[in-house]
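A.B. asks: Please find one structure pasted underneath; my questions will follow.
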Amino acid sequence: MIDIIMVGAGGIAKAHASSLLKIAEANIVGVVDLNREKAEAMANTVGASVYDRLEDCVDSVDVVYILTPPSTHRELALKAIDAGKHVVCEKPIAISVADASAMVQAAKQANVKLMIAFNQRFRKGFKRLKTWVDEGRSGVLVNMWSQRMGMGIPRGYNWRTDPQLMCGMSIESLSHDIDLIRWVAGEIVDVRANIVISNPDLEGFDDNAHVVFTLANGGTAVIHASWSSHLGMNSRGVIGTHGTAVVDGPGLWDSQNFRWKTSDMEHERVEVINDSFANSGSYETENRYFIDCLVNERQPTITGIDGLAALKVSHAILDSHHKKEVVTIK
């Protein structure tokens with residue numbers, strides 16, 4: 001049995017908790033949150049205890065789930081790692097590269113697993129796209145794109161727009177797109193970007209981005225993202241020398257179809273996947289994967305190194321926008 005402490009009891013924590021309850025080897029023993037009422041509500045749901053601080057309970061568990069705003073990740077991760085515990089940390093790994101680097105180095109020195117929760121890798125359509133490319137169906141990859149748009153921030157209080165906690169779309173949300181591109185298309189070499197703040201009342205909260213990357217293989221990748229669009233849609237795909245494939249759907253996150261055509265096909269094919277984000281089961285798949293890595297003593301394929309790499313690209317996007325020049329990833 002793997003004993004787990006969950007730090008954070010917000011929306012993303014609920015998604016992880018409900019999936020962990022379906023995994024026989026997972027045992028949520030405690031919940032930590034600054035909001036005692038939220039912590040108690042989640043603890044009652046999962047049959048766990050409530051703690052005021054991570055240090056009050058970290059010694060008695062195997063894994064710490066960090067499900068709090070990214071500005072808090074370093075402090076919490078280091079407390080868990082210093083206690084010799086494995087960590088699942090929600091994306092982005094942190095806000096600053098220095099914080100992310102400290103987390104990666106600490107996990108390496110302590111020989112503990114640090115998995116960044118890039119949930120998109122566990123979605124049906126994106127796994128289909130990854131396999132299609134890995135099988136060589138596209139030929140040499142020429143271009144990959146990630147386009148998604150919609151109203152990204154719900155009404156009412158949200159930490160993403162709290163001046164004390166927010167880090168903007170390029171760091172927080174584009175980490176999904178960046179990781180997907182690195183996973184499917186390979187490493188990113190340089191960045192040219194333009195970002196826009198559409199809401200004058202949210203100074204510092206970038207919610208529109210158009211980004212062009214050079215890939216290590218010489219190809220190109222593009223991110224076109226908006227959290228202020230009155231219409232919602234999304235499309236992620238690849239163009240190669242022998243074939244093209246795309247996963248698309250309505251809204252910011254729901255995938256409806258996987259479409260592809262290769263040079264030896266007369267007509268395109270369409271596979272209806274109906275992978276709505278709310279019912280995708282991707283959090284259960286993600287957490288089963290991590291628990292299995294612990295049980296079988298395997299290193300996850302998604303680590304803090306991936307989180308750090310994505311964060312470096314996010315900062316390069318912001319640098320490119322402000323400097324109005326191409327920025328090389330270092």
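The values are calculated or read from the model by the stated rules, or taken from the named source; none is laboratory data. These figures come from a predicted structure and were not determined experimentally. Reconstructed Cβ throughout: ideal geometry from the backbone, glycine too, with neighbour counts over all protein chains shown.
A.B. asks: From the set of residues in region 292-307 that are of a type in the set (A, V, I, L, M, F, W, C) and either touching a helix residue (DSSP H, G or I) at 6+ places or on another chain (Cβ under 6 Å) or within 17 Å of Phe118 (Cβ to Cβ) (or both), which is surrounded by the most Cβ atoms within 10 Å (Cβ to Cβ)?
C.D. replies: Ile302
A.B. asks: Residue check: is His322 assigned to a helix (DSSP H, G or I), surrounded by 17 or more Cβ atoms within 10 Å (Cβ to Cβ), in the same structural domain as His210 (by TED's automatic domain parsing) and not hydrophobic (A, V, I, L, M, F, W, C)?
C.D. replies: Considered against the rule, which asks whether it is assigned to a helix (DSSP H, G or I), surrounded by 17 or more Cβ atoms within 10 Å (Cβ to Cβ), in the same structural domain as His210 (by TED's automatic domain parsing) and not hydrophobic (A, V, I, L, M, F, W, C), His322 comes out as no.
A.B. asks: Moving on. Could you list all residues from region 274-291 that are touching a helix residue (DSSP H, G or I) at 6+ places or on another chain (Cβ under 6 Å) and buried (at least 20 other Cβ atoms within 10 Å of the Cβ)?
C.D. replies: Passing the criteria: Asp275, Ser282, Tyr283, Glu286, Asn287.
A.B. asks: Can you tell me which of Ile28, Ile4 is under 24 Å from the mean Cα position of the chain (by Cα), surrounded by 23 or more Cβ atoms within 10 Å (Cβ to Cβ) and under 23 Å from Thr301 (Cα atoms)?
C.D. replies: Just a single option satisfies the conditions, and that option is Ile4.
A.B. asks: Which of the residues that make up region 96-154 are among the polar types (S, T, N, Q) and under 28 Å from Leu76 (Cα atoms)?
C.D. replies: Selection gives Ser96, Ser101, Gln105, Gln109, Asn111, Asn119, Gln120.
A.B. asks: Also, I was wondering about something else. In region 1-26, how many are in contact (Cβ under 8 Å) with a residue 60 or more places away in the chain and either over 16 Å from Tyr289 (Cβ atoms) or of a type in the set (Val, Ile, Thr) (or both)? Steps first, please.
C.D. replies: The initial filter retains those residues of region 1-26 that are in contact (Cβ under 8 Å) with a residue 60 or more places away in the chain, namely 2-8, 10, 12, 15-16, 18-20, 22-23, 25-26.
Next cut, either over 16 Å from Tyr289 (Cβ atoms) or of a type in the set (Val, Ile, Thr) (or both) only: 2-8, 10, 12, 18, 23.
Summing the residues that are in contact (Cβ under 8 Å) with a residue 60 or more places away in the chain and either over 16 Å from Tyr289 (Cβ atoms) or of a type in the set (Val, Ile, Thr) (or both) in region 1-26 gives 11.
A.B. asks: Take the conditions out of contact with any helix residue (DSSP H, G or I) (no Cβ under 6 Å at 6 or more places or on another chain) and within 18 Å of Asp177 (Cα to Cα) and apply them to Ser314. Does it pass?
C.D. replies: For Ser314, the condition - out of contact with any helix residue (DSSP H, G or I) (no Cβ under 6 Å at 6 or more places or on another chain) and within 18 Å of Asp177 (Cα to Cα) - is not met.
A.B. asks: Please go through region 91-103 and pick out each residue that is surrounded by 23 or more Cβ atoms within 10 Å (Cβ to Cβ) and not in a loop (DSSP other than H, G, I, E, B).
C.D. replies: Answer for region 91-103, where residues must be surrounded by 23 or more Cβ atoms within 10 Å (Cβ to Cβ) and not in a loop (DSSP other than H, G, I, E, B): Ala100, Met103.
A.B. asks: Just name the residue that is nearest to Met115 (Cα to Cα) out of those in region 16-49 that are polar (S, T, N, Q) and outside any helix (DSSP H, G or I). Talk me through it step by step, then tell me what you get.
C.D. replies: Applying the first criterion (polar (S, T, N, Q)) to region 16-49 yields 18-19, 27, 35, 44-45, 49.
If we keep only those that are outside any helix (DSSP H, G or I) too, we end up with 27, 35, 49.
Working: Asn27: 18, Asn35: 25, Ser49: 24 Å.
Result: Asn27.
A.B. asks: Here's something else I'd like to know. Is it the case that Arg123 is surrounded by fewer than 20 Cβ atoms within 10 Å (Cβ to Cβ) and either within 14 Å of Ile302 (Cβ to Cβ) or of a type in the set (D, E, K, R) (or both)?
C.D. replies: no
A.B. asks: Give region 1-15 a look and list any residue that's of a type in the set (Gly, Ala, Ser) and either touching a helix residue (DSSP H, G or I) at 6+ places or on another chain (Cβ under 9 Å) or assigned to a strand (DSSP E or B) (or both), or say none.
C.D. replies: Gly8, Ala9, Gly10, Ala13, Ala15
A.B. asks: Which of the residues belonging to region 110-131 are in contact with a helix residue (DSSP H, G or I) (Cβ under 9 Å, 6 or more places away or on another chain), part of a helix (DSSP H, G or I) and not charged (D, E, K, R)? Explain how you work it out, then say what you get.
C.D. replies: Within region 110-131, the subset in contact with a helix residue (DSSP H, G or I) (Cβ under 9 Å, 6 or more places away or on another chain) is 110, 112-124, 126-127, 129-130.
Those still in the list that are part of a helix (DSSP H, G or I) too: 110, 119-122, 124, 126-127, 129-130.
The answer is Ala110, Asn119, Gln120, Phe122, Phe126, Leu129.
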